[in-house]
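S.K.: One structure is given below, represented as structure tokens, and several questions about it will come after.
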Amino acid sequence: FTQALTFVFLISEWIDCSFTMLDCHTKIMCVGRAWEDHHLVEHSNVYVDEMVERCSFLWCNLSTSFRMPPPALRFTWEQLVWVAFMTLLEGFSKVPHCSTEGRSLMSMDLATLSHGLHPESVKTALLERHQSIITTPSDSCREDMMRYVDTFIKVFYFPDEDVMTWIKENFKSYHLEHSLSLITARSANGYQDKGIWTKRKDLVREIYHQNDS
């Protein structure tokens, strides 16, 4: 019975988390012209704080509401952290127009998320609201995911040919749509003839399709 309750609880929390992350995609897009502005900002976007707060809240529920086995608790938190970082990557890949300063803002958002999901940051934030003892979450995948998304953001700064080379070398690690966005963003910003970008997107698709066959 306890295991059944735990399962139902986890499913409900994941459904709630999924809606939160989908909402975050929308908020990333709604940042709008902030991605295109040519001036540096001092603070990350509010949606990142909301993501961190939601993840911390879910950890609090997971670690205190039921006695989950430590391996299951660790695995669940790792998946939650993975989803949070992938949400940023997915959202960033869908921004059609972005200035160099906008990419800098993306890096700031990423750094804020990574810091907010650091085990001690999560514990400190929860202790400020709860009197009960809070278990510190694991930190096994946060740094890897930070590097994963950070690498993607930095590729936008590469020269055109280097972008294609990077895609060829890293396509197994990133989704097709994410790699295509590296090409689409440059086309949207008016670099060169759009026919060139169409051909390059076809080349990217071919790289992925060859691997599937």
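The values are calculated or read from the model by the stated rules, or taken from the named source; none is laboratory data. Remember, predicted model here, so these are calculated numbers, not experimental data. No Cβ is skipped: glycine too gets one built from the backbone with ideal geometry, and neighbour counts run over all protein chains shown. We work out accessible area using only protein heavy atoms, side chains counted, and drop any ligands, DNA or RNA first. Shrake-Rupley method; radii C 1.70, N 1.55, O 1.52, S 1.80 Å.
S.K.: Quick check: anything in the range 8-18 hydroxyl-bearing (Ser, Thr, Tyr), open to solvent by less than 80 Å² (accessible area, probe 1.4 Å) and either modelled with pLDDT of 75 or more or not in a helix (DSSP H, G or I) (or both)? Talk me through it step by step, then tell me what you get.
M.R.: From the range 8-18, those hydroxyl-bearing (Ser, Thr, Tyr) are 12, 18; that's our starting set.
Still in the running and open to solvent by less than 80 Å² (accessible area, probe 1.4 Å): 12, 18.
This time we only want the ones that are either modelled with pLDDT of 75 or more or not in a helix (DSSP H, G or I) (or both), so: none.
The answer is no, given that none of the residues of the range 8-18 is hydroxyl-bearing (Ser, Thr, Tyr), open to solvent by less than 80 Å² (accessible area, probe 1.4 Å) and either modelled with pLDDT of 75 or more or not in a helix (DSSP H, G or I) (or both).
S.K.: Only one of Ile167, Ile183 is at pLDDT 95 or above, part of a helix (DSSP H, G or I) and surrounded by 13 or more Cβ atoms within 10 Å (Cβ to Cβ); which? Let's see the steps before the verdict.
M.R.: Values: Ile183 fails: at pLDDT 95 or above.
When all the criteria are applied, what remains is Ile167.
S.K.: Right, another one. Pick from Ala72, Ala125, Ala111: which is in a helix (DSSP H, G or I), farther than 23 Å from Leu176 by Cα and free of Cβ contacts under 8 Å to residues at least 24 places away in the same chain? Outline the logic, then answer.
M.R.: Numbers: Ala125 fails: free of Cβ contacts under 8 Å to residues at least 24 places away in the same chain; Ala111 fails: free of Cβ contacts under 8 Å to residues at least 24 places away in the same chain.
Matching residue, one of Ala72, Ala125, Ala111: Ala72.
S.K.: For the range 134-156, give me each residue that is touching a residue at least 24 places away in the same chain (Cβ under 8 Å) and outside any helix (DSSP H, G or I). Spell out the reasoning first.
M.R.: Looking only at the range 134-156, we keep the residues that are touching a residue at least 24 places away in the same chain (Cβ under 8 Å), and these are 134-135, 137-138, 140-143, 145-146, 148-150, 152-153, 155-156.
Hits for the range 134-156 are Ile134, Thr135, Pro137, Ser138, Ser140, Cys141, Phe156.
S.K.: So Met146 ticks every box in (1) modelled with pLDDT of 90 or more; (2) surrounded by fewer than 16 Cβ atoms within 10 Å (Cβ to Cβ); (3) under 30 Å from Pro70 (Cβ atoms); (4) among the aliphatic types (A, V, I, L, M) but one. Which box is left unticked?
M.R.: Just one mismatch for Met146, condition (2).
S.K.: Which of the residues spanning the range 98-131 are open to solvent by 60 Å² or more (accessible area, probe 1.4 Å) and either polar (S, T, N, Q) or touching a Leu at 6+ places or on another chain (Cβ under 8 Å) (or both)?
M.R.: Matches in the range 98-131: Thr100, Thr124, Gln131.
S.K.: Something else about it: When you go through (1) at pLDDT below 95; (2) open to solvent by 40 Å² or more (accessible area, probe 1.4 Å); (3) under 19 Å from Ser107 (Cβ atoms) one by one for Glu161, which number turns out not to apply?
M.R.: Here Glu161 meets the rest and fails (3).
S.K.: Looking at Phe75, is it at pLDDT 85 or above and exposed (fewer than 15 other Cβ atoms within 10 Å of the Cβ)?
M.R.: On the way: at pLDDT 85 or above: yes; exposed (fewer than 15 other Cβ atoms within 10 Å of the Cβ): yes.
So Phe75 fits the description; yes.
S.K.: So how many residues does the range 25-55 have that are at pLDDT below 85 and not in a loop (DSSP other than H, G, I, E, B)?
M.R.: 10
S.K.: Restricting to the range 95-108, count the residues that are part of a loop (DSSP other than H, G, I, E, B) and aliphatic (A, V, I, L, M). Lay out the reasoning, then the answer.
M.R.: So the first thing to find is which residues in the range 95-108 are part of a loop (DSSP other than H, G, I, E, B), and the list is 95-99.
Going one step further and asking which of them are aliphatic (A, V, I, L, M), we end up with 95.
Qualifying residue count, the range 95-108: 1.
S.K.: Now for a separate question. Which of the residues spanning the range 88-99 are farther than 8 Å from Ile28 by Cβ and either among the acidic types (Asp, Glu) or modelled with pLDDT under 90 (or both)? Even if it seems obvious, please write down each step before you answer.
M.R.: Residues of the range 88-99 farther than 8 Å from Ile28 by Cβ: 89-90, 93, 96-99.
Once the filter is applied, which keeps residues that are farther than 8 Å from Ile28 by Cβ and either among the acidic types (Asp, Glu) or modelled with pLDDT under 90 (or both), the range 88-99 yields Glu90, Pro96, His97, Cys98, Ser99.
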